[in-house]
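Shown next, in structure tokens, is the structure this report addresses.
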Amino acid sequence: MAATEQMVLIGIVTAPHGVGGAVRIKSFAARPEDVARYGPLVDAAGRRFALRLVGAGRGVVIARLSGVEDRDRAEALRGLRLYLPRSALPSAAAEEFYHADLIGLAAVLGDGTEIGRVRAVHDFGAGDTLEIERREAPPAMVPFTRAIVPRIDLDAGRLVIEPPAGLLDAARPARRRVKETA
């Protein structure tokens with residue numbers, strides 16, 4: 001991949017589909033079929049793939065990748081991560097952000113105290129959650145809501161968190177009760 005341009009993970013090959021070289025791709029685009037919309041995709045080694053959609057099924061799109069003509073080649077691509085240059089994607093609308101734009105931002109409190117950095121953005125089904133990597137404590141999971149993350153400044157490389165009481169407390173390992181035997 002180009003070291004000078006930010007690359008965005010847009011999909012992962014999950015399995016072959018049929019015997020003709022088609023693959024199933026888990027798409028990370030807002031509309032799954034958009035995985036093929038923005039031009040050729042590249043893998044971590046810099047190999048380019050043209051992608052042509054041929055169908056959809058259970059949470060994935062079915063596609064043909066250039067140079068993949070049989071099931072054996074398709075099987076060899078299982079787990080392949082497919083990327084696009086960030087510049088190929090349209091600008092986000094106001095109050096919308098690409099996950100890739102949030103990852104790496106400094107997470108600070110309203111008074112400027114740095115908490116850590118955004119390591120990942122997760123969607124467990126109830127809305128996005130930021131995973132904040134911290135130096136002196138376990139990672140914190142922070143709901144990505146306007147109330148808790150009121151300001152995002154991509155140009156400054158930071159976002160402000162106003163956590164409710166207890167949200168950033170270090171997780172304590174659960175104590176195990178040991179039953180004594182006599």
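The values are calculated or read from the model by the stated rules, or taken from the named source; none is laboratory data. Owing to the predicted nature of the structure, the values given are computational and were not obtained by experimental measurement. FYI the Cβ positions are ideal-geometry reconstructions off the backbone, even for glycines, and counts take in every protein chain you see.
On the basis of being of a type in the set (Gly, Ala, Ser) and at pLDDT 95 or above, does Gly110 make the cut? Spelling it out, it is not the case that Gly110 is of a type in the set (Gly, Ala, Ser) and at pLDDT 95 or above.
Which of the strands (runs of 3 or more DSSP E) contained wholly in segment 15-77 include at least 2 residues that are under 24 Å from His99 (Cα atoms) and of a type in the set (Val, Ile, Thr)? I'd like the intermediate steps shown before the answer.
Details: elements: 22-27, 51-57, 60-65.
Correct list: 60-65.
Here Leu53, Leu130, Leu84, Leu80 are screened, and the one residue that is surrounded by 13 or more Cβ atoms within 10 Å (Cβ to Cβ), touching a Phe, Trp or Tyr at 6+ places or on another chain (Cβ under 6 Å) and under 27 Å from Ala36 (Cβ atoms) is Leu84. For Arg117, the stated conditions hold: it is under 30 Å from Glu162 (Cα atoms) and assigned to a strand (DSSP E or B). On the basis of being β-branched (Val, Ile, Thr) and out of contact with any Pro (no Cβ under 6 Å at 6 or more places or on another chain), does Val42 make the cut? Answer is yes for this residue.
Can you pull out the residues in segment 87-99 that are in contact (Cβ under 8 Å) with a residue 12 or more places away in the chain and more than 23 Å from Arg24 (Cα to Cα)? Of everything in segment 87-99, those that are in contact (Cβ under 8 Å) with a residue 12 or more places away in the chain and more than 23 Å from Arg24 (Cα to Cα) turn out to be Ser87, Phe97, Tyr98.
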